[in-house]
Amino acid sequence: MASVPAQASVVVVGAGIVGNSLVHHLAELGWTDIVQIDKGPLPNPGGSTGHASNFIFPVDHSREITDLTLDSMRQYKELGVFTESGGFEVARTEERMEELRRRMASARAWGIESSLVTPAEVAEKVPFVDPEAILGAFWTPTVGVVDSVRAGTMMRESAEAKGALTVSPNTEVTGIDVRDGQIAAVYTTKGEVATNRILIACGVWSPRIAAMAGAAIPLTPAVHQMISVGPVPQLAERPGEISFPIVRDMDTFCYERQHGSDMEIGSYAHRPILHDPDEIPSIEAAKLSPTEMPFTEDDFDPQLEQAVELMPEVLSNPDVEIRYAINGLLSLTPDGAPILGESPQVKGLWSAAAVWVKEGPGVGRAVAEWMTHGLPEIDVQGADIARFHSHQRTREHVRARTSEAFNKTYGIVHPGEQWASDRDVRRSPMWHREADLGAVFFEAGGWERPQWYQSNAGLLEEFGDAVMDRSAEWDSRWWSPIINAEHLAMRQRAGLVDLSSFVIFDIFGPAALDAVQHIALAQMDVAIGRVVYTPILDENGGFRSDLTIMRLAHDRFRVVTGAAHGMVDLKWFADRLPDTGAQIADLTSSWTTIGLWGPRARDILGGLTSSDVSHEAFKFGTARTIEIGSLEVLASRISYVGDLGWELYVPMESGLKLWDALMDTGHAHGLLPVGLGVYGTTGRIEKGYRAFGTELDSERSVVEVGMSRPKVKSQDFVGRAAHLRHREEDPKTVLCSLTVDDHTSAGGEKRYMLGGEPIVSADGDPLIDGHGRHSYVTSAGSAPSLGKHVLMAFLPPAEAVLGNRLQVVYMEEFYPVTVASVDSTPLFDPDNECIRR
Amino acid sequence: MTMVFVETDPAGEVTLTSAEAITFARKNPQLLPDGGAATSREVSGPPSGSTEGVVIGPLSDAAVESLGRLGVGVIHHLDHPDLAEYSAAAWAQAIVDVAPESGTLLASGTPRGMELMAHAAVRTGARMAANVIAADAEGLLRQVHGGTAFERLRLDGDLQVLTIAGHACTPEETTPITPEVYAYDLTVAEADLTTRVQRTEVEAADDASGLTSARAVVGAGRGVGSENGFAEVLELVDHLGGALGVSRVVTGLGWRPHAEQVGQTGSRISPDVYIACGISGAIQHMAGIEGAKTLVAINTDEESTMVQRADYAIIGDLHEVVGAVNEEIVRRRG
Amino acid sequence: MNILVCIKRVPDIAGSVTLDATGTGIDESGLGHTMSSHEECAVELAIQTAAQAGGTVTVLTLGPAEAVEQLRAAVAVGANDGILVEAADPSVFAPEDIAQVIGDVIRDRAEAGQTFDLVLTGDDAADTGDFQVGIRLAYDLGYPVLTNIQTISVGGAAGGGGERGSGRIEARGIGPVGTEIFSLDLPAVVAVHEGGVDPRYPSITGRMKAKKAQVVEYDAPVPGMGSPRLRLELPEVKASSVTILGEGPEAAPALVDVLEEIGVIRP
């Protein structure tokens, strides 16, 4: 029996589109001694690639996914396995037409040619679609189909031809040896491979392999039903695999895709059908392939009728038979994003899982670059395996969220949409108080966070039109004018914000200073008690994060960052500590944080403590421990909302006592609890504060986001060389704030953008920056203090001119906007007097 | 006492499968549920515990001799003009007429054997087990789920009726004896002749593809990939002057006609060589090729059942390997 | 001509199976279900025969509530309606019991005004492989029975059994030396062996019709005789004695050597 090589630089598990693409790109990047194994035979080992419907619609609301898809399309084309067919997303309802208009926004934002067309135009290209059944469609001419098995074979063979790769099919992983937290060997049915890296790219089986090393890849195999019907005379008339555009019947969550003389109908409309990786049959026991599970007819029956409505001529033909029907398995994750990168649980365990055929080659390249250079060209931070909080790795959470999300695959999902399942996993100590106040809870990282408080509804009357209410349902979904009222109340008096969801970790030990100095852009050799806001850069000078670091002692620094990205930050820091002398401790669940901001903040805090909290005694950007009653409170004078105030840190168990004390004392000063709607959007957007994941990513430089400081510290830090270079270059793009000049739609309704919309010239032409990016709204929100709706967007430098009149496209209508800031100068309180009073 | 229904071929010789069934009966004395008390309904005196045979229609000397070599001590020869053409009901009744009241009545698991034993079971009030492969003190073992599993069972009653699965046992001769041949004066009921064969079309039955008679059969399974993936294997069939046989998945997917199916529910073949291309070796399929003298597997999966059960194997993509074999054959022809 | 086809819901197994916790059945988790392949052909024959002679096709199954899926599958390809004899665990029934239950249902249907001229079954079920139900049912009904039948046509020369009243069929099946042709009067039971017809796939409209199919339901009685099964066992894996000739196309000459030695290459 053939055996596997005794040693490998990396063992790639899986020979589907992802594993094949990975070995290709690793070999291209100079890797040798790669071993690729799959438990199935080649070229189709029986995973999800083998039964994929293989079509690609490039437009997705996510830029990251779109980038990966476009890169994948480019690679498929280079391999000669891409056939352009064009594709329609058809609407049967007005609500869907609105969604298609938002699809147009994404298409324009990502610079992909698309258009909205009439039913007649659909019928012209796909004559068997009944135009009476639809209202219109979103047409993308570059949609096409690929041969993913062929592409994978070519990529695998290219790596073999380089002599970089040994492929071992019909080889199953039986165990993984982990020594001192690091991969040491992979055991297989054909022998043992000594290696310090395993790359798990085996789709639905990935969790099972990761578990052998004690790590989690939180995905679940889930069913996507597909049938193939034929022979269809209308399809047989034209030669080739595909000669008609693909039709996505969005309102029925189905697609119809020609395959020769057959029509494939796929569905995301059935109940979520989840499996466990261990339930998937073996190759021997499977009737077809292991991931082509037995078809459950009842689940598909309703879709048949709907399909017939759309294509009556073709599908009600009694000679057109259902020849193939499967419950095909694919991988779903709790947040819908792929799972890429090195596990935070085991060194050397890499994941490239939950990836669709449309992203496969792009992911292969990105992860190969990541393994080689430490970071990929395309920013894939939303897919980082390190992002999961512990509860998000549990089977229960994965199943709950994927069940909830499954029918949203073709659904209309609001950008603010909240999860309904597996809630109340993490509650702050103030939760009951907040609930009593009618808090509307949004979730982040499992934390229940008040977005606004119904108890503040009375403010609406106080502030009247200044709350900028929204009449359009979509604009006001997952939103309340109370947010804006809370904002105004905070600016006039004071607001209290529950910030328990902060991810907090300490770096400590004799080498702690060296460690943080190496990781942070800002000077960290500061006085004890200083609080430093700093970008965290990668080697290319792109953003990995932005966060605050407090120096608590000569040898202790406390990092405070957000819930959404905090786990990735934790790994980023942990990976960059020296071997000795510095340690890291996650204190997220040890500390709760309460934000107190507004002109009355000092009065309130001063009334609770004997410490001197005057501007002179307690300067902005400093932190120190003060006493509030019997509590020792770490008070940090900074602000993300642009007002006087403090973040107050106490042990989790004392949070309620602190909250009550603040509320009691604050009452007389007009203190109100305010939600994350203020903290996360209104407060920050009128101050022009950038947020990681929207404005800040690995692609744009510190200079381009307007955050460079006059001096760069002399000490070396990650990304320093690139940052210095960026400072010398002309920026390719400039982050600007824009105000919407007129909100009135053609229908006479005032509309409010939510983010993601394209920014175009006054003539309606697209704006393209030096990165080749089309301008689009990165963040949008009310700026109640200004009475304006503010948009942030990267503009080509030539357009980044104060007062420049441009347009934003919302629901396919054009609204005038004006460039109001071309750097980080806040629109509200540009001199930051509020903070420093 | 164990009585075996013996099938003979057109030449009058005992069929291979009947020889298997007789051997099975002889080597499993524990089949006797009553400990060996031996009484035929209309005959007395045959040696206790021996294996008896039933032959319907012409009984050749060769058959008598063969049965003797197989250890059959008594032959019940049932001949009657109304039995000349097959009618299951009439034949079964004739067997029942001479069958023991206790003991075992069995036949090989051929279509005839199955049908006659089922009729006989009903007519004697006995229970029946089909496709038996073994018998021991605990009871019987038979194939279920197309041979992927075995059922352990016990039949109650004085008489049990069985069919023996093909290849459950290899025919084995013993010290030859001269069987006693008993003839009978039979009565055939008119009602039992309604299901009589009206005529037999021999040519039509000669399988068009030559599958069961070919010396070389090339088998193709799911590994072929698609309806259009048969070019290489068909060329090889041509080079070998053989026949194409396919797995159930292939006919199930509509890639090839059922007539080409080999296996438990398709043809059972016994060529000199069977070349299985891209067939993993599902038991249903293996059941159809057990008679192949040499088994060759071409498969990407070295661990597959087919490779493990083969005499020779090439690990690789069937299209590439078969293509190369074709080229090599052409090259050697010069 | 009204035809009843008796079908059985069976696990759709491929290569290997594992046993369930009781050891008396196979582990069906992850397996689909289907009707036995002989029965798929029986359904197809019934549809063709009914189309030829005029009449209806009814499908009957004894099985769990889920077996209605198999009834619907038959309706999807052209059967008219179904009869579900519900038994949570059909494996406890002996072939004798099943024949008895079906016989009783057929008699009950006759009283309700639904009669069948022809009753089709498969030769045997893909799971139990008993090869008895059709024959035992025929005896129970007092009908003649054929097995191993692959095609049926309506009519044919008169002869044999006299006047039974509801037509006559010609049936063809596989015999030991050729195709055997039978001709018999109805009513009758015919057990079908696959291969004579290609079962059709359902059309979408057929499937939509099946959803609304009428299914008469009965509860199966407690089996009188009971299955003789003690338990299931799995075959032992045999040791391999394979000679690997090589990998990939390079091994082709070695195989041609083997074929030459056997002497099967055409000159």
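Below, the figures for the structure above:
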item: Among the candidates C:Gly196, C:Gly173, residue that is within 11 Å of chain B (Cβ to nearest Cβ), within 25 Å of B:Gly266 (Cα to Cα) and assigned to a strand (DSSP E or B); result: C:Gly173
item: Residues satisfying the stated conditions in segment A:469-488, i.e. surrounded by 23 or more Cβ atoms within 10 Å (Cβ to Cβ) and either of a type outside the set (A, V, I, L, M, F, W, C) or touching a strand residue (DSSP E or B) at 6+ places or on another chain (Cβ under 6 Å) (or both); result: A:Ile482, A:Ile483, A:Asn484, A:Glu486, A:His487
item: Flag if A:Ser589 is under 31 Å from the mean Cα position of the chain (by Cα), under 30 Å from A:Ile385 (Cβ atoms), in contact (Cβ under 8 Å) with a residue 24 or more places away in the chain and surrounded by fewer than 17 Cβ atoms within 10 Å (Cβ to Cβ); result: yes
item: Residue identified as under 30 Å from A:Leu648 (Cα atoms), at pLDDT 95 or above and outside any loop (DSSP other than H, G, I, E, B) among A:Ala400, A:Ala386, A:Ala366; result: A:Ala386
item: Residue check, C:Val190 outside any strand (DSSP E or B) and among the aliphatic types (A, V, I, L, M); result: no
item: Residues located in segment A:320-333, provided they are more than 7 Å from chain C (Cβ to nearest Cβ) and not aromatic (Phe, Trp, Tyr); result: A:Ala325, A:Ile326, A:Asn327, A:Gly328, A:Leu329, A:Leu330, A:Ser331, A:Leu332, A:Thr333
item: Any hit, segment C:204-225, residues being buried (at least 20 other Cβ atoms within 10 Å of the Cβ) and assigned to a strand (DSSP E or B); result: no
item: Matching residues in segment A:676-712 - criterion: being assigned to a loop (DSSP other than H, G, I, E, B), among the β-branched types (Val, Ile, Thr) and surrounded by 23 or more Cβ atoms within 10 Å (Cβ to Cβ); result: A:Val702, A:Val705
item: Residues (polar (S, T, N, Q) and either under 20 Å from the mean Cα position of the chain (by Cα) or away from chain A (no Cβ under 12 Å) (or both)) located in segment C:1-43; result: C:Asn2, C:Thr22, C:Thr24, C:Thr34, C:Ser36, C:Ser37
item: Segment C:239-267, subset facing another protein chain (nearest Cβ under 7 Å) and in a loop (DSSP other than H, G, I, E, B), residue farthest from B:Ile315 (Cα to Cα); result: C:Arg266
item: Members of segment A:180-194 found to be crowded, with 16+ Cβ neighbours inside 10 Å and assigned to a loop (DSSP other than H, G, I, E, B), listed by number; result: A:Thr189, A:Lys190
item: From the options C:Glu96, C:Glu86, residue that is among the charged types (D, E, K, R) and surrounded by fewer than 22 Cβ atoms within 10 Å (Cβ to Cβ); result: C:Glu86
item: Test result for A:Ala420, out of contact with any Asp or Glu (no Cβ under 7 Å at 6 or more places or on another chain) and among the aliphatic types (A, V, I, L, M); result: no
item: Tabulated pairs, segment A:685-714, first outside the structural domain of A:Ile378 (by TED's automatic domain parsing), second of a type in the set (D, E, K, R) and assigned to a loop (DSSP other than H, G, I, E, B), C-beta under 6 angstrom, 6+ apart or interchain; result: A:Leu696/A:Arg690; A:Asp697/A:Asp379; A:Ser698/A:Asp379; A:Ser698/A:Asp538; A:Glu699/A:Asp379; A:Val705/A:Arg690; A:Val705/A:Glu695; A:Gly706/A:Asp823
item: Lone unmet requirement of (1) touching a residue at least 12 places away in the same chain (Cβ under 8 Å); (2) part of a loop (DSSP other than H, G, I, E, B); (3) more than 8 Å from chain B (Cβ to nearest Cβ) for C:Thr128; result: (3)
item: Residue, surrounded by the most Cβ atoms within 10 Å (Cβ to Cβ), within segment B:122-168, restricted to residues that are within 7 Å of chain C (Cβ to nearest Cβ) and over 30 Å from B:Ser280 (Cβ atoms); result: B:Met128
item: So B:Ser270, is it closer than 24 Å to C:Asp124 by Cβ, surrounded by fewer than 21 Cβ atoms within 10 Å (Cβ to Cβ) and not assigned by TED's automatic domain parsing to the domain that holds B:Thr17; result: yes
item: Some residue of segment A:156-171 being in a strand (DSSP E or B), in contact (Cβ under 8 Å) with a residue 40 or more places away in the chain and more than 14 Å from every other protein chain (Cβ to nearest Cβ); result: yes
item: Check on B:Ala118, facing chain C (nearest Cβ under 8 Å), within 23 Å of C:Arg229 (Cβ to Cβ) and in a helix (DSSP H, G or I); result: yes
item: Residue in segment B:80-100 that is more than 7 Å from chain C (Cβ to nearest Cβ) and assigned to a strand (DSSP E or B) present; result: yes
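Residue by residue, here is whether (1) among the charged types (D, E, K, R); (2) within 22 Å of A:Arg530 (Cβ to Cβ); (3) more than 38 Å from the chain's Cα centre (by Cα) holds:
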site: A:Leu605; (1), (2), (3): no, yes, no
site: A:Ala623; (1), (2), (3): no, yes, no
site: A:Glu632; (1), (2), (3): yes, yes, no
site: A:Tyr640; (1), (2), (3): no, yes, no
site: A:Val650; (1), (2), (3): no, yes, no
site: A:Lys657; (1), (2), (3): yes, no, no
site: A:Ala661; (1), (2), (3): no, no, no
site: A:Asp664; (1), (2), (3): yes, no, yes
site: A:His667; (1), (2), (3): no, no, yes
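The values are calculated or read from the model by the stated rules, or taken from the named source; none is laboratory data. Remember, it's a predicted structure, so these values are computed and weren't measured experimentally. Please note: Cβ atoms are built from the backbone with ideal geometry, for glycine as well, and neighbour counts cover all protein chains shown.
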